[in-house]
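Participant: Below is the structure I would like to discuss, written out as structure tokens.
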Amino acid sequence: MKINLASLFQKQEQVTTVFQIDGNWLRLVQVKVFKREKKVSMVKVLEIANLTDEQISSKVSAMASELKINSRYLILSIPRHQTTTRNLDLPSSNPAEIKDMIELQIGKQTPYASDEVIKDYQILGSNAEGYSKVLLVIVHKDIVNRCFKIIESAGLKVQKVSFSSEGLLNWRSLVYAQKPPAEKVQVLIEIDYDASDFEVVLGDKLVFGRSISLGVSQFPGQFDLWQKKFIEEVNHSIYAYQNEIIGKEIDKIIISRPRLVADSLDKAVLEKELGPSVEIVDQFKDIPLSGEGAVAYNNLVRTDLSFAGLLGLGLPASEHKIDLIPQEHQIGKAVKEKGKDLYLMGILLVFILVAVSGVFLGRMYNKERYLNQLKKRLTEIQDKTKALNGMVSGIETIKDRVYTRGMSLNLIYEVHKAITPEMHLVSITFDGKDALTLRGQSNEMSEVFNFVSRLEDSPYFQNVKTKYATKRKEGKKEITDFEISCPLEEKYKISDKYKL
């Protein structure tokens, strides 16, 4: 578990800021924690169609100063129409193998090289055959790098780059308290200014999506014509879904609309033309707003823009599954966080050392006085301990004698059990520690080796070996002289303490 040491020394109000920068607009949503409840505290939009990146950066800088934007909670949203998504069926359920396969797919799925794009993916599930369904999200590096340059020139740092369609999915859970059935397929449509986002959702996962190149800016004042074109585009998207993915039928279509659209969309016509039931939802329905957030929303000059994806990225507590942050920034961020943690760890260690030293010095005087008392008491009892030491020494001597005496008898008894009448021993030598040496004579050499085997079977001996066994004649008889080494088993060896 990672411990954020910065939180021990910094107590800053957590205000999450979500930016989205596209061709015409810079949108911002801020979310603040009020008594453990997240509420939208600011909604803002700037028109940037005719501005240079330097001018946009200057406006972001002024906005950062006005709204006190904290870089630690800054999220950049990449809109759906600036990304490419692919639904892949990969022949593996191993995450490491899937990652390698994704790298190989980049060149096939886009006209760009792997180092020209940023990608991330989500594993949607796997089947019994071992194939995994994967949603791949790709964005060109130039798009993200431009946004980074604008924001960083304004003195801010982006912490996460999120996929706006994931925010749209989160938005659904904000406006619907009850979670939809996992087996039901729904379509989420976010109507926006330039383009609309079409997402097919199964349970809590995006299974298919595409950008619809139709927004509320087209056909101004001709809403009937716009609705007709909208129905055509949605039907094309439904057909594309059904053609690409063999899955369940669509149960419901949920449309997020900006305030300008209001009740202009005809639900009855949409259901008739599209098929499934249709629900048209205001993008701010049931969204928790603070007092200043409500004022900012009501005072929005542009009511033809959508903020549903930004709301979904800022409000939920769960982690975003797709992160499109450039790898170099990811590495730099990790190094910086590690350095910060080490620095704060050093401060913490110094603080602990000072505290421990203070406690130690505070108790030293009492410990020294107590030590002097112990020395005085020790002097008083030293004379008494001398007599006790003498008694202990006597007991140890008796213990040594008893142990070694019994051992010698046991060893002789074991030799006696193993010897036969055809043999007689000349000498038995015990080194007093860990080995017994036997010398003797036998009528037959085979008896010597049988004798060795019987000694080996004794629980007292191990690795019994014949040092020599030589034949000689004595009169008409042939006699074998032998010497046998009998090392003791480990547990019967006599230490130097009990050495004979």
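Taken together, the values in this text are just the output of simple stated rules run on the coordinates, not laboratory data. Just so we're clear, the structure is a prediction, and the values are computed from it rather than from any experiment. Here the Cβ positions follow ideal geometry from the backbone for every residue, glycine too, while neighbour counts run over all protein chains shown.
Participant: Would you kindly calculate the translational diffusion coefficient of the range 406-498, applying Stokes-Einstein with the Kirkwood radius from alpha carbon pairs, for 20 °C and a viscosity of 1.002 mPa s, and quote it in µm² s⁻¹ without decimals? Intermediate results must be reported in sequence, preceding the final value.
Facilitator: Values: Rh = 13.7 Å.
Here the translational diffusion coefficient equals 157 µm²/s.
Participant: Dipole of the chain (Lys/Arg Cβ +1, Asp/Glu Cβ -1, origin at the Cα centre): which of Met423, Gly309, Ser92 lies farthest to the positive side?
Facilitator: Met423
Participant: Can you give the Rg and Dmax of the range 83-174 based on its C-alpha atoms, in angstrom?
Facilitator: 15.6, 51
Participant: Looking at Gly167, Ser290, Gln20, which one has the Cα that reaches farthest to the positive end of the dipole of the range 6-325 (charges on Cβ: Lys, Arg +1; Asp, Glu -1)?
Facilitator: Farthest towards the positive end: Ser290.
Participant: Can you list the lysines whose alpha carbon sits under 20 Å from that of Lys376, skipping same-chain ones fewer than 8 residues off?
Facilitator: Counting by Cα, and skipping residues close in sequence, Lys376 has these lysines nearby: Lys367, Lys384, Lys386.
Participant: Antiparallel versus total DSSP beta bridges in the chain: what percent is that, nearest 5? Walk me through the numbers on the way to the answer.
Facilitator: Numbers: 72 of 93 bridges.
Counting only bridges with both partners in the chain, antiparallel ones make up about 75 percent.
Participant: I would also like to ask the following. Please sort by residue number the GluC sites (Glu not before Pro) in the range 430-494 whose DSSP state is loop and whose Cβ has at most 16 other Cβ atoms within 10 Å. Mind dumping the intermediate values first?
Facilitator: Details: sites: Glu444, Glu447, Glu456, Glu474, Glu478, Glu483, Glu489, Glu490; in loops: Glu444, Glu489.
Passing both the DSSP loop test and the Cβ count: Glu444, Glu489.
Participant: Counting other beta carbons within 10 Å of each Cβ, put Leu274, Leu313 in order, fewest first.
Facilitator: Details: Leu274 17, Leu313 26.
Ranked by crowding around the Cβ, least crowded first: Leu274, Leu313.
Participant: Around Asp431, which amide H atoms from residues at least 5 apart in sequence, or from another chain, sit under 5 Å from its own amide H, with H modelled in the peptide plane?
Facilitator: Under 5 Å from the amide H of Asp431: Thr437.
Participant: Which value, in Å to one decimal place, does the Kirkwood hydrodynamic radius take for the chain when every pair of different Cα atoms is included? Don't skip to the answer; put the middle values down first.
Facilitator: Numbers: mean 1/r = 0.0324 Å⁻¹.
Its Kirkwood hydrodynamic radius stands at 30.9 Å.
Participant: Would you kindly derive the ³J(HN,Hα) couplings of the range 86-101 from the backbone phi angles with the Karplus curve 6.51 cos²θ - 1.76 cosθ + 1.60 (θ = phi - 60°), listing them in order in whole Hz, with x for Gly and Pro?
Facilitator: 9, 9, 10, 10, 10, x, 6, 10, 8, x, 5, 5, 4, 4, 5, 5
Participant: Hey, what did the chain get for relative contact order, percent, Cα under 8 Å, at least 6 apart? Please list the in-between numbers first.
Facilitator: Working: 770 pairs, mean separation 66.4, N = 500.
About 13 percent, as a whole number.
Participant: Per the Kirkwood treatment, what hydrodynamic radius in Å, one decimal, follows for the range 157-314 from the mean inverse distance over all distinct Cα pairs? Working shown, then result.
Facilitator: On the way: mean 1/r = 0.0616 Å⁻¹.
The Cα-based Kirkwood calculation yields 16.2 Å.
Participant: Same structure again: What is the Å³ per residue value for the convex hull set by the Cα atoms of the range 177-251? It would help to have the intermediate numbers written out before the result.
Facilitator: Numbers: hull volume 7.6 nm³, N = 75.
With only Cα atoms used, the range 177-251 gives 101 Å³ per residue.
Participant: Give me the one-decimal Kirkwood hydrodynamic radius in Å for the range 223-316, with the sum taken over alpha-carbon pairs.
Facilitator: 15.3
Participant: Where does the chain land at 222 nm, in deg cm²/dmol rounded to the nearest 500, when only DSSP H runs of n ≥ 4 count, each adding -39500 (n - 2.57), divided by all residues? Walk me through the intermediate numbers first.
Facilitator: Working: 11 runs with 209 residues, N = 500.
Calculated from helices alone, the mean residue ellipticity at 222 nm is -14500 deg cm²/dmol.
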